[in-house]
Structures are given as structure tokens and as C-alpha cells.
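Please treat every number below as a calculation from the coordinates, not as lab data. None of the values given here were measured: they were computed from a predicted structure. With ideal geometry, Cβ positions are generated from the backbone for all residues, glycine too; neighbour counts draw on all protein chains shown.
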Amino acid sequence: MTTTHNLGFPRIGAQRELKKALESYWSGQIDAGQLEKAGQELRAHHWQQQQAAGLDLIPVGDFSWYDHILDMSAMLGAVPERFQWSGERVDLDTYFRMARGRAPSGEPAAAGEMTKWFDTNYHYIVPEFRPEQEFQLSCSKLFDEVTEALALGYRVKPVLPGPLTYLWLGKSRQGGFEKLELLDALIPAYSEILLRLRDLGVEWVQIDEPILSLDLPQAWRSAFESAYNRLQVPGLKRLLATYFGPLQENLTLACRLPVDGLHVDAVRAAEEVDQLLSWLPSYKVLSVGIVDGRNIWRSDLDHALQRLAVLKEKLGERLWLAPSCSLLHVPVDLAQESGLDDEIKSWLAFASQKIEEIVTLRQALDEEPETVADRLASARSAVATRRSSSRIHSRTVKARTATVTGAMAQRGSSYQTRAPKQRSWLRLPLFPTTTIGSFPQTAEIRQARRDLKQGRICEADYRQRMQQEIALAVEKQEQLGLDVLVHGEPERNDMVEYFGELLDGFAFSRYGWVQSYGSRCVKPPIIYGDVSRPEPMTVAWITYAQSLTDKPMKGMLTGPATILNWSFVRDDQPRSETCLQIALALRDEVLDLERAGIRVIQIDEAAMREGLPLRKGDWECYFDWAVGAFRIAASGVADETQIHTHMCYSEFNDIIKSVAKMDADVITIETSRSDMELLQAFEDFEYPNEIGPGVYDIHSPNIPTVEQIVSLLQKAAGLIPAERLWVNPDCGLKTRAWPEVEEALEKMVTAAQLLRSSGKGGKA
Ligand code: GLN
Ligand code: ZN
């Protein structure tokens, strides 16, 4: 018989029960006991569901109050000093203070840093290590949950991040030591964890080492072998799980490690499976991640079966089936999506449906395919309609992308020629001031949107309400003395969803939430078909805003790579193709804005970095098409029209050259949090166009002082000629309240004025 299992189930709950429980606990509405109970119910429900679907091994330890890497830090007692931890047991509130800086009890302290989990939109809490870091078991959560699941009668398979991946993801606050040196201290703690799991009666444990699909330094690769040699616990079998990409040069290493089984991502590394067969020792299990854990499309079961039949032949009982990675990255259950039409729904599979697919595949392999003939037939017809449906394939769109020329990705002239033309009509002062786009999304704005959706107000009322907001934003910006204004984006719930709703080819789920970090979830749009723009999306709002002022009004769009990277993207054509379709739709919008007299246009690429492949060798190809798409969107305009873009990351050095290739006239970026350190990137590489380095951190409620802003700008002026500097906050202001926004912008404008009067920012 083939064994089926799951690498992890979404923990947030089909109705975001975990989010609600957590937020109630943090705000003091429920106590720790009630929170504990909510978690227990969710876990029990998820186990029960997976068991009922027919899975053989049920994952335990995939549940987390906040993040599974933070769980590991808690279990190992890797608690930074500032949390003043007693050193015994990491209790719930210490855990939450590490996650978010505060908890119902205990002193607040700076929260752990959060960063993206591989190439997903999930964020983990970065472990922090000291040189003398010790690891000792300090939290029994995993063991308690295993006990809990065993008591309920499940055949459990605990999952935990492996020691190398855990170390790799961490950082050392004090420099001067290589974190890999901590491995010796870490292995005994891991051994103890494994021993305890064995003593609980566990047969298989899943140890996740996704870093095996990254470019690893040789020292790390070598460390794998010795670490796993030392991690032997008689009587406990270990499944080493890799995912998110091909193993490439780490393939033989992964096959050789002294463990009992290997899980591989057979979706993203489909072409490696053959090689694995020849390298995998004959005593090891091969778990084939055959169902895509990163996307929401229903599997082509016939195709999967063809592949699996060959493997079954060779591996027999050693073949296991699973999703490619944890299902953390997809929504929970399609069954509750009553709002999606039946056809689109028939193309999708969320976590619960993916588990069913795994079980169906097993049945078709082990038993007579007839037993699951219905399920196979329905999957087959979904695949067939996706291939041919006119809702997916538009001749017009395909014909248009086929005729895209290189010239369409080129502005008429170089920046050197464009800049003086733009200056002559814009007539901006030195250190021009602007903002990134959004102004506070007040409760009233959100209420108006709900009222519209639920039919309490009509379109016209809504438009009027939003126009009032725009007028207010324009008035405030004029009072503040900003130079290039924005309309404030009140009509946008979200910078991607707004455009997705107005473009053809997008669908929206009602409950398709995916955890982003802690209790925060996102509901990515679903790009199912060819993308086109039935009509202008922003022109009416922006021209209305322009009609209220003589200052230049900046049109505001979300860029193609960002729309792509924050959506679930169709898998039946290359991502680059979908990106190009979005770019063409945006190009039309840009040109419509220009025709309507809007001659400063910002195309946000907040998520350009999000799409970076895990392997550096694949970066160039990504940038080729992602930057290419931006340029297609931006390049139709006249020299006089000024194109802005905005990005918000703290890491720039490695992508600065590609960012320059976007050839935007102005780029606004996040720099304030790093004290302009980020601009170091501009020391080695002379960025050719204009830059607005964010002068204050909008993520914090603190109001910057004029002196702080002046000093940041002087630093910037040391690296970038003052003629090419802009002055702006480091991101949009939608999460802030008006009083703080006004106060902060007032300081910002004053700082710019001071620098102007002192001449080119030399001294203030
Ligand atoms: N224009 C957007 C805003 O101001 C940009 C948001 C972002 O960079 N994430 O809200
Ligand atoms: Zn931003």
C-alpha cells in the first residue's frame, strides 16, 4: 500500500478562528485558558478532517500560535536577552512578546524581526543568536500536541524545522561569529526532542530542511551530513522534507543523508524525480509532493497518475504521496465559496480538496481505478474546460501579446533628455516633496465601502463620499505645501484587489484567506484567465482630484509584477505571459491618464522583490520579464510625462541594477528605518535617475523631528546629487490617522524648505 500524508495544514481556520481567538486574547477579551481551548478545537478539527479524508499520517506541530520558526525558538529556549526571560519555561506571553513586542503580561520589548519565508508571502520571526547561545528544551508545546493527538487516536507524524534550516534562518545580533558554529550546541537539543517523541510512541517524524533548495555555501552543505549522523534515535524514523524548488547540486547530498525517507517537491522539481530514483538508497522512502501546495488549481490527476505509476513500479511500498509543501500557503476549504460561480469553482482546490486529491491518487494507484472513477472523471473535465474555456482564453489578448515589440518597452528618449523636459513644465523647487499615494483609510471610508457592497448606498452616493475624501486630501496637501499631490486612494480597499476587480481574468474568493504573519491574513486574487481592461480604472478619480488643484496630481497605479506576485496565478501558461498581459492593460491605463492631462504617473512595484526566484542563477531571467513588463506599462508616454515607481524593502543592494533598468524617472524607496544605510547601494552603483529616499518610517506612530529629516536628507545628498533627490515618507499613509499624518508631513515640508534655503543640502 502507498502511504499518504500531509506536510502541514493551514492553522488559521476556515473562518479565521485562530485570528479571532488571538486578537481577543491580546486585547484582553478572553484569557489564556479560553485561547488554549480555541487552539485545541482547531487542531482537533483539522486532524479529524484529514483523517476522515483518508490520510494515513496526520501532521502535528504544524499548528502554531504565531509562527512555526518562533515555536522552534521557544522550544529551544532561544530567547533574546531583552525579554528578560527567567530561563525555565517559555510561557505564552513571553512567546507573544517575542512575536509582537507585547502581550497581556510582561514588559514590552522590541519584537523579533519578521521576514519572508522563502519565496512565499508568509513571514516568520527571525531567530536571534548570541555567540555563547545555548539551547535547552524550554517549551513542551510539540509534545503536548502529540499527546493530545495520540489520545484522540490519530496516527501522528510530528513536523519540525530541521537544525540547519533553523540556524540558516536566524541571525546573530552581535557580529564576529558564524552562526553555523552553533550547530554543535543545537544537535543535542534536537536529539532530546527526537528522543522524547520516540518515547511518546511516535513512529515517523518529519524534519523540514527546505534550505536544500537554495544555493548553500560549502560549509553548510558539509554540515548536513555530520548533523544528521549525530541525530540518530533508534526506534524513530525520520523523513527529511525538502520543498519549494529543485535540489540541484544538493540532490545527492539529500539522498545520502542518514535518514529513513526523503520528501521532494515534485511540482517545482518535477524533472528531478527520475534522478532521485537512481540516487535514493533502496531502504529509503520517497515521499513525492505531487499536489501543488503553493497554488489553488485542481490537479491534473490523470497526468499525476501516469507519473506515479512509474514510481510505484520502482518503489512499491516505499512510495509516499503528499502535497508538494505544507498547505499553509493555500486557503482552507473551497466548499464554503458559495460566491464563486460553479465553473470557476470546478477549476480550484484549496487545502481540504488537495488532501482529497492525494487520497484519490492513492486509491487509483493501489486499488482499481474504477473505485474512484467519478473523481477522476470530474478532475479530467475540469482540466479539459480550463484548456478550452473562452472565459480563460481570449483571442484578442493573445493576439495583442503576440505583437509586443521591444520598442514598446523603450521610452522615446533617455532620462537625460526627458528630465529637462519634465522640469520645464513641472517647475518644482529643489527637494520636491510628495507622498507615496494613500492617505488614512478611516473607519468612515471602510464603512462606506461596506454600505455599497451590502446595498445600503448606491454607486452615486459612494462616488460622492469618495470624492469628498479626495477633496479633503487635496485640501490638506495644499495647506501643507506639498509639491506633487496624490488623490489619496480612498476608493481602494487594497492596492492589488482594487485593480483585480476592474480587470477581466480575475476572480475573488470570499474566505480564501492565507496567513501572512501571526493573526494577519491576505486574500489573494485569483488570476484564472487572460487579463484585459474593459474600461479605464482610475482616470475618473484622478482627474477629479486634478480638477481641484493647480499643483501636479500624480496618477497612481499598481505595477504588473506586484499584481502578479500578490495573486494566485494561473499555472497553464508561464508567469511571464500573465505578467505581460497585466502590463498591457496598465499601459492602456497610463496612456488614458496622460490623455486626460495627468502627466506624473506612479506605478507601484512594492512586490517586485517578492517574485525573486530562490536560486540566484534564476534572477536574471525573472528580472528580464518582470522589469520588461514594468517598462511595457510605463513606456508609452511622452518624454514630458514623468513616471514614478515605489518599492518598500530594506534590502536593495542585490537588485539595484535591475531596479535601475526599470528606467522610471523617479523612484521612491524605504530607507528611513535603516538610517539611510540602504543608500550604501548607491555608493558602488550610480543610480542614474531621481530618487526619493523615505525620510520617515510610516510603520511607527512616532512623529519625526525636522532635525532628523534634515539629517537623513543630508546623508542622502552625500550620495545622490541634490538635483535628483525627492522628499517623501517611506510608504503609503493608509494605516495612519490624520493628525499624525499632518504633523509628520508638516515636519517633512519644513525640512525640505530648510534645505532649499541653505542651498543644496550642504548644511542646514
Ligand atoms: N501607493 C500605495 C500606497 O500608498 C503603495 C503601497 C505600498 O507600497 N505597499 O498605499
Ligand atoms: Zn511601500
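Some observations on this one:
- Environment charge of L612, counting only residues whose C-beta is closer than 14 Å and scoring Lys/Arg +1, Asp/Glu -1: -3
- M556 long-range amide H proximity, modeled H, under 5 Å: Q602
- Once backbone amide H atoms are built at 1.01 Å from N, G437 has L733 as its partners under 5 Å, excluding neighbours fewer than 5 places away on the same chain.
- Ordered by the number of other Cβ atoms lying within 10 Å of each residue's own Cβ, fewest first, M748, M98 fall into the sequence M748, M98.
- Within the chain, percent of DSSP bridges classed antiparallel, to nearest 5: 15
- In terms of its C-alpha gyration tensor, the range 669-764 has an oblate overall shape, because the principal axis ratio a/c (a ≥ b ≥ c, square roots of the eigenvalues) is not below 1.5 and a/b does not outweigh b/c.
- Ranking of C731, C139 by neighbouring Cβ atoms within 10 Å, starting from the fewest: C139, C731.
- Considering only beta bridges that DSSP places wholly inside the range 393-546, some 75 percent are antiparallel.
- Backbone amide hydrogens, once placed in the peptide plane, bring E128 within less than 5 Å of K171, excluding anything fewer than 5 places away on its chain.
- Backbone HN-Hα couplings from phi across the range 630-640 [Karplus 6.51/-1.76/1.60, Hz, Gly and Pro as x]: 4, 5, 4, 5, 8, 8, x, 7, 5, 4, 5
- Residue exposure sequence - D265, D274, D302 - by fewest surrounding Cβ within 10 Å: D274, D302, D265
- Cβ-Cβ distance of R307 and A111, R₀ of 45 Å, FRET efficiency by 1/(1 + (r/R0)^6): the value works out to about 0.55.
- With both labels modelled 7 Å from their Cα along Cα-to-Cβ, the K421 to D588 distance reads 2.5 nm.
- The range 26-71 shape via C-alpha gyration tensor axes, a/c threshold 1.5: oblate
- Model label sites at E317 and D119, defined 7 Å from Cα along the beta-carbon direction, differ in position by 3.8 nm.
- Simple Cβ-charge dipole of the range 89-142, Lys/Arg +1 and Asp/Glu -1, about Cα centre, in debye nearest 20: 180
- Whole-Å distance, taken between Cα centres, linking the range 10-58 and the range 690-764: 44
- Environment charge of P188, counting only residues whose C-beta is closer than 11 Å and scoring Lys/Arg +1, Asp/Glu -1: -2
- Counting only DSSP beta bridges whose two residues both lie in the range 254-367, roughly 10 percent are antiparallel.
- Summing Lys and Arg as +1 and Asp and Glu as -1 over all other residues whose Cβ lies under 15 Å from the Cβ of L591 gives a net charge of 0.
- Highest mean first, the peptides 660-673, 606-619 sorted by other C-beta atoms within 10 Å per residue fall in the order 660-673, 606-619.
- Three-way shape label, the range 465-554, alpha-carbon gyration tensor, a/c 1.5: oblate
- Test item: Cα-centred dipole of the range 131-173, Lys/Arg +1 and Asp/Glu -1 on Cβ, debye: 200
- Ordering of 528-535, 684-691 by burial proxy (mean other Cβ atoms within 10 Å per residue, highest first): 528-535, 684-691
- The string of couplings for the range 11-26 from the Karplus curve (6.51, -1.76, 1.60, θ = phi - 60°) is 8, 6, x, 4, 10, 6, 4, 5, 4, 5, 5, 4, 5, 5, 5, 4 Hz, one whole number per residue in order, with x for Gly and Pro.
- For the range 175-256, relative contact order (Cα pairs under 8 Å, six or more residues apart, normalised by length) works out to 42 percent.
- Length gained on full extension, A407 to A373, computed as 0.36 nm times the residue gap minus the Cα-Cα distance: 7.1 nm.
- When each of K116/K345; K616/K657; K453/K523 is checked by Cα-Cα distance, pairs over 24 Å: K116/K345
- Figure legend: label point modelled 7 angstrom from the Cα of A596 along Cα→Cβ; residues of the range 541-567 with amide N under 20 Å from it are 541-560.
- Considering only alpha-carbon pairs that sit under 8 angstrom and 6 or more positions apart, the relative contact order computed for the chain is 11 percent.
- Where labels lie 7 Å past Cα in the beta-carbon direction, separation of K171 and E23 in nm: 2.8
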